[in-house]
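Read the figures in this text as sums done on the coordinates, not as results from a lab. Predicted, not measured: the structure shown is a model, and the values here were computed from it. Positions of Cβ are generated from backbone atoms using ideal geometry, with glycine treated the same way; all protein chains shown enter the neighbour counts.
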Amino acid sequence: MHRTRKRLLAGTRVRKSLALFTGALLAAATLTLGSAPGATAHPGHPGHEEPVAEDFQQVTLAKGAEETGEPMSLAVLPDRSVLHTSRNGELRITDSAGNTRVSGTLPVYTHDEEGLQGVGVEPDFAENRAIYLFYAPPLDTPAGDAPETGTAADFAKFDGVNRLSRFVLNEDGTLDTASEKKVLDVPTSRGICCHVGGDIDFDKDGNLYLSTGDDTNPFASDGFTPIDERPDRNPAFDARRTSGSTNDLRGKILRIKVAEDGSYTVPEGNLFEPGTDKTRPEIYAMGFRNPFRFSVDQATGIVYVGDYGPDAGSADPKRGPAGKVEFARVTKAGNFGWPYCVGENEPYIDYDFATKTSGAAFDCANLKNESPHNTGLVDLPPAEAAWIPYDGGSLPEFGTGSESPMGGPVYRYDADLDSPVKFPEAYDGDFFAGEFGRKWIKRIEQDADGAVQSINDVPWSGTQIMDMAFGPDGALYVLDYGLAWFGGDENSALYRIENATGGRSPIAEASANKTSGTAPLKVKFSSAGTADGDDDPLTYAWDFGNGGTSTAANPTYTYKKNGTYTATVTAEDPTGRTGSASVHVTVGNTAPPWNWCSPRTASSSPSVTPCPSRSTSATRRTAPSTAPRSRSSSPWATTATATTSPPSTAAKAPSRPPWKAATTPTPTSTAAFRRPTPTTAVVARPS
């Protein structure tokens, strides 16, 4: 993902109505999640009634840069714990009570956008505990920037890879780095910006999908298509070598079936049959610029992609259309046009960067890749039009401002799931779209053919959406990037948005009269401050972190062995809704000078401290802000280095970032999720 340049808006741009909408464009008025009692069936779901209730509750699970790093992607585990990545190589795990710790760290190369990207959880995780990470291994890449002009030998020094690997997550939540099985290396031109992609998801058959960006510099093509083929120019300025190539893994959605040893096979139905000359069989869909976030609908197998677009502020008859971004709906293998066509198959103009002369418009139905950098076929599959393209204020329901689509999950309602926080049945089959810069989440209803029926606000309170996924409880988990670049800030967060249709979850508090001392250590615990938003009576369950438990509200417990323990209280109301909080206890010595980042769900205004408090906030039909954001003309770029430390946050970047995560398919297990055993191991953090 990169922060692109400011668009030069030469007057108001006018675009035609989306053909995929039935009739005129949808009304500009904000649509809400619920409707009045007695509502009839709604457009995208014949026979389903709109939900009567309109309450959702947002729970803060992790908050601040210390608990999130530079947030990149998330994946929800079967016990409601969340894995989330930071670009500096750190994988964190946050349990359902909000205890966050570093699970493991990979050494990574971090220039521009590269580093640790996506995380995915194998569908059979309960049996094999397998997860997947997409990252940039350090290799022997030179430090600094790659040359923009030079010889092939000059450029070859910066040839690198982004790697998809399979790992085992230990029972205690730590990453077993020694278990790594390399699955796939995606080539990359290092030392130059931009577009990594890096999201991971699975379909119902267990096939792994990986998104990859075009790995092409967008800053020297005036916001139009980057197809510079000059012989002394770095190939990273020509996207035909990647997105437009049938023989390259970049600018694609890849689909493979991975075995336990890291080897893989290619399922039927990909774009090219195995053995086809000048093609890669792993390619499911090609022609993307930066499909930074996507998801696979578990019921239909349809892939929903948020693809970032170029930056031209207005069309130019000598170069092509104005820049726009899009949500793609991939129903079968195909080519989605980049770098030849964009949006509703609007073609770019062939352009000679040496002579600065324009040629003919590309034919989106009969594309040819004649770049000298192309290693694939010349004749390409025809371009597929975008599902929902937009730019500026072209789509009233999307508002205005930055253009940064994040492809979120499709919700699938499970009638057998015993979860009071699962989203309503009326939302079954709806696509949840995110917008990084505009800071909104939208619920998009569609019919069976994909025609959009309505676009609805999803109430949430946060800043810039980085990733989303539905968990095994049917709640929506959201990773918030925050407002700083390259390292996270006090706004960076992990949230769980719960359906509060039948009531709100309790807000738990936990404290202790002693948090350190020698064994045996007698501790008086307290749940004082715990409350329920509906004033329901509560029951309590304490887990002292060593197998000891209590159902008293304010128990006393004696630790007899040295160690560090996390004591967690879970308050439950009569509807089965729960809230948890923890306190850390060190036995065997006085507590070390660390800041323990333990959760609290009581504050509605999270404290901006190294160890911020948690908050639970109920939201009633509140629409997210769609105010325009300022843009900077400086690209997002950093110095190359192999590092395990967060990059500097000093660099500034524009607010429109064409960068994912990973989303995790919603399990269909009917097992109750209430009161999962919290992770007892914790990591101390220096002051």
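What to note about this one:
- Residue 546 sits among other residues whose Cβ lies under 11 Å from its own Cβ, and their net charge, with Lys and Arg +1 and Asp and Glu -1, is +1.
- Inter-site label distance for residue 366 and residue 124 at 7 Å from Cα along Cβ, in nm: 4.8
- For the stretch 395-483, with +1 on Lys and Arg beta carbons and -1 on Asp and Glu, the positive-most of 465, 451, 483 along the dipole: 483
- Whole-Å distance, taken between Cα centres, linking the stretch 277-356 and the stretch 446-466: 21
- For the stretch 222-291: Kirkwood Rh in Å [reciprocal of mean 1/r, alpha carbons]: 13.5
- Taking the number of Cβ atoms within 10 Å of each Cβ as an exposure proxy, the fewest-first ranking of 181, 560 is 560, 181.
- Label-to-label distance, nm, for residues given as residue 512 and residue 535 (7 Å Cα→Cβ offset): 3.5
- Along its three principal directions, the equivalent ellipsoid of the stretch 418-562 from the Cα gyration tensor extends over semi-axes of 40, 21, 13 Å, largest first.
- Neighbour-count order for 483, 74, fewest beta carbons within 10 angstrom listed first: 483, 74
- With K and R counted +1 and D and E -1, the other residues having a Cβ less than 13 Å from that of residue 249 yield a net charge of +1.
- Debye-sum result for the stretch 509-599 in log10 I(q)/I(0), which assumes one identical scatterer on each alpha carbon, at q = 0.20 Å⁻¹: -0.89
- On full extension, the segment bounded by residue 148 and residue 449 gains 103.8 nm, given 0.36 nm per residue less the C-alpha separation.
- Modelled FRET efficiency - R0 56 Å, residue 222 with residue 170, Cβ distances, 0.05 increments: 0.65
- Sequence of 425, 435, 127 once ranked by neighbouring C-beta atoms within 10 Å, starting from the fewest: 127, 425, 435
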